[in-house]
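S.K.: Below are the structure tokens for one structure; questions will follow.
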Amino acid sequence: MTVKLVIANLKHKPMRSLLSILLIGVPVTLILCIVGLSHGMLEDSQRRTRGVGADIVVRPKNSSFLSLSGAPILQDMVSYMAQQPHVKLATGVINVPIEGITLGATGVDLGAFDQMSGGFRFVEGHAFEKPNEVIIDTFYNSQHHKHAGDSINLLSHEWRISGIFEGGKLAHVVFPLSVLQEHSGNTGKVSQIYLKLDDPANTDSAVKYLKSIPALEDWPIYTTEELTSLLNVNNIPALREFLLVIMSIAVIIGFAVVCLSMYMAVLQRTREIGILKSLGASKGFILEIILAEAVLLGVGGTVLGIVMSYGAYWLIQNLVPASFPMVIVQSWWWRAGAITLVGAILGALYPGLSAARHDPIEALAYE
């Protein structure tokens, strides 16, 4: 009985119902997109860090695992690290932002990097051979639609693209180390140092030894696996708070939309409510109808929000896959749905209680 009444009520005003579902779906899409972007960017960083092939990553003193730009390490430290026990190969890189804070470029010693990682796999062209050349990965190329031999403006300078490589190694844009050092005003300095050991089994003992050196005691030195494990949502400062704010906004929007929709529905169905109460419907039954309708709107908005998040994912993947790598986080579907339902139920409480308190005689006389 309740289900039939609720469905009939929704079908009676289809435009109001569809608009309510759409407006509820928007904050669901917002939540899923923000979560998808945060997870996607961190997973992209993990993948590119592992692609280097290093066993240990040495970061500059007083930096965190999120500090990727700047070059405070003297390049002489690379040679010093290469002389330490179990270190087979050491190479330094420099990181420079090129498009806001979401996309950066890296300068490498190509010979040392090829030995450490196995080299880039090119889908077009080849590695840089001249100071004015740069290589880009397939993700970055999806945003700019270039070919090997084309020119591209980066860091307020024109560069020739010598090759396009498969994504997943180091960075989306790669320059010769000395060129990027000079261009960024960091000649003779690097941002971080990668170490390849003679045997990966020695990784923990090598890290322990390096941290015991007095000159390195305050330096962040991580195993690659440790560093990639730190790159998760729970370890990013203020990210959880940001997600909490977004969720709060979603609850408020859901509350406002459902409250307005249900309040208008109650006004439009005053006589219907009077008839139901004159037939013996209890206050609880009237409230149940209003809440059930709100829940259906919330479920519909959640489903629509999930569908729209796939649309947002498709747009981002086709327009800016390097700057904003996004993934679909299915584990957040039920959370977004729960947040939406809470907002919908809260929004329906006042109209529902108002409808339940209607006097049947006054309701029947309502025009």
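S.K.: Residue by residue, what Karplus-based ³J(HN,Hα) values in Hz, rounded to whole numbers, does segment 90-96 have, using 6.51, -1.76 and 1.60 with θ = phi - 60° and x for Gly and Pro?
M.R.: Values per residue, Gly and Pro as x: 10, 8, x, 10, 10, 10, 9 Hz.
S.K.: Give me the percent of accessible area attributable to carbon and sulfur for segment 60-219, probe 1.4 angstrom.
M.R.: 49 percent
S.K.: Would you tally the net charge around GLY125, using a Cβ to Cβ cut-off of less than 14 Å, leaving GLY125 out, and scoring K and R as +1, D and E as -1?
M.R.: -2
S.K.: Can you give me the long-range amide H partners of ALA105? Hydrogens built in the peptide plane at 1.01 Å from N, cutoff under 5 Å, separation of 5 or more residues or another chain.
M.R.: Here the answer is VAL96, ILE98, since their amide H atoms fall under 5 Å of that of ALA105.
S.K.: Based on the mean of other beta carbon atoms within 10 Å per residue, what is the order of 191-204, 18-31, most packed first?
M.R.: Highest to lowest by the protection proxy: 18-31, 191-204.
S.K.: Sticking with this one: How much accessible area per residue does segment 49-185 have, in Å², with a 1.4 Å probe?
M.R.: Result: 45 Å² per residue.
S.K.: Same structure again: What share of the DSSP beta bridges in segment 60-219 is antiparallel, in percent to the nearest 5?
M.R.: The answer is about 70 percent antiparallel.
S.K.: Applying the Karplus parametrisation 6.51 cos²θ - 1.76 cosθ + 1.60 with θ = phi - 60° to the phi angles of segment 23-33, what ³J(HN,Hα) value in whole Hz is obtained for each residue in order, glycine and proline being reported as x?
M.R.: 5, 6, x, 4, x, 5, 4, 4, 4, 5, 5
S.K.: Sticking with this one: Which of rounded, prolate or oblate describes segment 76-194 when judged by the alpha-carbon gyration tensor and an a/c cut-off of 1.5?
M.R.: Prolate, since a/c reaches 1.5 and a/b exceeds b/c.
S.K.: VAL327: net charge of surrounding residues, Cβ under 14 Å, Lys/Arg +1, Asp/Glu -1, itself excluded?
M.R.: -1
S.K.: Packing-wise, with mean Cβ within 10 Å as the measure, how do 295-301, 109-115 rank, highest first?
M.R.: Ranking the peptides 295-301, 109-115 by packing returns 295-301, 109-115.
S.K.: Could you give the dipole magnitude of segment 60-219 about its Cα centre, charging the beta-carbon of Lys and Arg +1 and that of Asp and Glu -1, in debye to the nearest 20?
M.R.: So the magnitude is around 200 debye.
S.K.: Further question on the same structure: In what order, largest first, do TRP159, TRP333, TRP219, TRP314 sit by accessible area if the probe radius is 1.4 Å?
M.R.: Reading off the accessible areas and sorting them downward yields TRP314, TRP333, TRP219, TRP159.
The values are calculated or read from the model by the stated rules, or taken from the named source; none is laboratory data. Computed from a predicted structure; not experimentally measured. All Cβ positions, even for glycine, are placed from backbone atoms using ideal geometry, and neighbour counts span all protein chains on display. Protein only, heavy atoms only, side chains kept; ligands, DNA and RNA dropped before computing areas. Shrake-Rupley method; radii C 1.70, N 1.55, O 1.52, S 1.80 Å.
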